[in-house]
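The values are calculated or read from the model by the stated rules, or taken from the named source; none is laboratory data. In this text, all values refer to a predicted model and were calculated from it rather than measured experimentally. With ideal geometry, Cβ positions are generated from the backbone for all residues, glycine too; neighbour counts draw on all protein chains shown.
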Ligand code: UDP
């Protein structure tokens with residue numbers, strides 16, 4: 001008799017963005033990092049992962065091995081190029097057909113579980129889980145109702161079709177993974193999720209790449225003056241992330257203290273995404289309008305090792321977003337020893353912990369005040385930096401993946417919100433006993 005552990009193989013669905021893309025521009029961001037990191041750690045723990053994503057260029061092969069145990073499968077659904085995220089709901093049927101065909105070509109019981117990321121993937125995973133008779137674990141990442149309640153000026157509300165699609169996925173999922181208690185409450189309050197099937201599993205940070213380091217060396221590496229005051233923004237350039245709030249706050253700082261112009265550098269790192277501020281020129285125009293061309297540097301997205309140098313080079317990371325379900329950049333900066341000033345929204349209070357300060361609202365005066373206070377107080381920054389490193393240390397991807405795996409095992413064992421005695425079976429569950 002041999003006992004098969006479960007899950008042996010997980011199908012991850014990430015329709016709209018590929019784990020092979022570089023995060024920081026377009027639709028590639030924290031979700032991509034999440035999928036890559038959890039897939040890698042699952043593979044290291046002996047669980048194979050296959051990630052299904054939409055093919056976006058003719059050159060992409062059917063499969064790519066990300067590392068041993070992690071396979072990316074490209075699925076044809078709609079034209080390769082020029083299809084925006086808004087057009088993807090119309091391609092879900094094609095994507096689902098592609099996933100089903102791949103599933104049908106595998107031996108019986110090939111996938112033990114489906115984990116979908118974002119509602120579009122949840123729609124595909126709903127059918128896959130039903131067809132393969134396996135549990136469906138779903139992560140929302142962002143929610144239309146949450147976003148619509150905190151829209152940035154000029155940002156487009158998410159359409160009702162997305163809200164309906166999200167509701168369906170919430171109902172269909174065996175388990176829902178929330179990044180924070182706050183997200184769990186939003187799932188329950190705004191989407192009527194059954195509280196018993198919501199699990200809070202915080203995401204992580206790559207604690208090998210994002211480490212504290214010498215600030216002077218980091219500044220040299222990224223080309224910043226050693227004696228500058230450096231405020232950093234990292235993220236996709238879109239209204240939701242509000243880099244304009246930081247730029248306006250910088251103008252306020254200089255209005256109060258014009259001598260600061262000699263030393264202030266605001267680095268805005270990331271590529272265009274979404275609507276409104278979708279063209280970097282819009283932000284560049286604002287910089288010109290506020291006469292900040294000598295202060296603000298617009299930096300295109302960078303690889304993660306270089307990003308760590310930017311975090312180390314900064315005095316403070318600013319995260320002025322209108323909403324974040326978590327905000328990975330906040331924890332990455334802290335892991336590099338850089339305190340964070342963040343908007344008190346969504347998951348950011350959790351992500352920041354005691355490694356920074358929170359600002360209510362998006363008034364540039366308030367932001368200038370919060371940033372100026374900390375720039376003027378090096379002792380406080382040193383204390384926050386120490387707390388930041390300690391706070392970030394509790395967010396390794398190993399921990400996230402261990403907790404995901406516990407949930408997967410429970411799900412494999414047949415535990416669901418309607419099943420009893422879930423906790424008793426959280427580890428080492430045999431899927432089947434094969435004679
Ligand atoms: N990122 C990156 N290079 C860049 C800009 C961003 O690798 O040039 C990564 C960043 O390290 C983080 C992710 O993109 O891991 C953004 O995640 P976050 O949760 O902050 O925002 P999201 O993209 O999910 O809205």
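In the set 125, 193, 172, which member is touching a strand residue (DSSP E or B) at 6+ places or on another chain (Cβ under 7 Å), surrounded by 19 or more Cβ atoms within 10 Å (Cβ to Cβ) and within 18 Å of residue 408 (Cα to Cα)? It would help to see each step written out before you state the result.
Details: 193 fails: within 18 Å of residue 408 (Cα to Cα); 172 fails: surrounded by 19 or more Cβ atoms within 10 Å (Cβ to Cβ).
Just one listed residue meets the conditions, 125.
Exactly one of these conditions fails for residue 73: (1) within 25 Å of the chain's Cα centre (by Cα); (2) on the phi < 0 side of the Ramachandran plot; (3) at pLDDT 95 or above; (4) part of a loop (DSSP other than H, G, I, E, B). Give me its number.
Failing condition for residue 73: (4).
Can you name the residue in the range 353-365 that is at negative phi and without any contact (Cβ under 8 Å) to a residue 24 or more places away in the chain and is also farthest from the ligand (Cβ to nearest atom) among such residues?
By that ranking, first place goes to 363.
Conditions: (1) within 16 Å of the ligand (Cβ to nearest atom); (2) in a helix (DSSP H, G or I). Residue 22 meets all but one. Number of the miss?
(2)
Name the single residue that is nearest to the ligand (Cβ to nearest atom) among those in the range 308-323 being within 16 Å of the chain's Cα centre (by Cα) and surrounded by fewer than 24 Cβ atoms within 10 Å (Cβ to Cβ).
Narrowing the range 308-323 to residues within 16 Å of the chain's Cα centre (by Cα): 319-323.
Now narrow it down to the ones that are surrounded by fewer than 24 Cβ atoms within 10 Å (Cβ to Cβ): 322-323.
Working: 322: 11, 323: 9 Å.
Among those residues, the one meeting the criterion is 323.
If the requirement is being closer than 21 Å to residue 335 by Cβ, in contact (Cβ under 8 Å) with a residue 24 or more places away in the chain and within 16 Å of the ligand (Cβ to nearest atom), which of these qualifies: 219, 236? Reasoning before the result, please.
Values: 219 fails: within 16 Å of the ligand (Cβ to nearest atom).
Within the list 219, 236, the selection yields 236.
If the Cβ limit is 9 Å and pairs must be 6+ apart or interchain, which residue in the range 14-31 that is within 13 Å of residue 52 (Cβ to Cβ) and in contact (Cβ under 8 Å) with a residue 12 or more places away in the chain pairs with which residue that is within 7 Å of the ligand (Cβ to nearest atom) and not in a helix (DSSP H, G or I)?
17/23; 17/29
Could you please find all residues in the range 340-368 being over 24 Å from residue 255 (Cα atoms) and either surrounded by 22 or more Cβ atoms within 10 Å (Cβ to Cβ) or touching a strand residue (DSSP E or B) at 6+ places or on another chain (Cβ under 8 Å) (or both)? Outline the logic, then answer.
Step one: filter the range 340-368 for residues over 24 Å from residue 255 (Cα atoms), giving 344-356.
The answer is 344, 345, 346, 347, 348, 349, 351, 352, 355, 356.
For the range 324-340, enumerate the residues that are more than 7 Å from the ligand (Cβ to nearest atom) and assigned to a loop (DSSP other than H, G, I, E, B).
The answer is 325, 336, 337, 338, 339.
Can you name every residue in the range 293-307 that is more than 9 Å from the ligand (Cβ to nearest atom) and touching a residue at least 12 places away in the same chain (Cβ under 8 Å)? Steps first, please.
Pass one, the range 293-307, residues more than 9 Å from the ligand (Cβ to nearest atom): 293-298, 305.
Hits for the range 293-307 are 294, 295, 296, 297, 298, 305.
Can you say whether residue 401 is surrounded by fewer than 24 Cβ atoms within 10 Å (Cβ to Cβ), more than 24 Å from residue 24 (Cβ to Cβ) and away from the ligand (no atom under 15 Å from the Cβ), as far as the supplied structure shows? Lay out the reasoning, then the answer.
On the way: surrounded by fewer than 24 Cβ atoms within 10 Å (Cβ to Cβ): yes; more than 24 Å from residue 24 (Cβ to Cβ): no; away from the ligand (no atom under 15 Å from the Cβ): yes.
No: the conditions fail for residue 401.
Working only within the range 25-52, note down all residues that are outside any helix (DSSP H, G or I) and either within 16 Å of the ligand (Cβ to nearest atom) or under 22 Å from residue 240 (Cβ atoms) (or both). Even if it seems obvious, please write down each step before you answer.
Taking the range 25-52 and keeping what is outside any helix (DSSP H, G or I), we get 25-29, 45-52.
Within the range 25-52, 25, 26, 27, 28, 29 meet the criteria.
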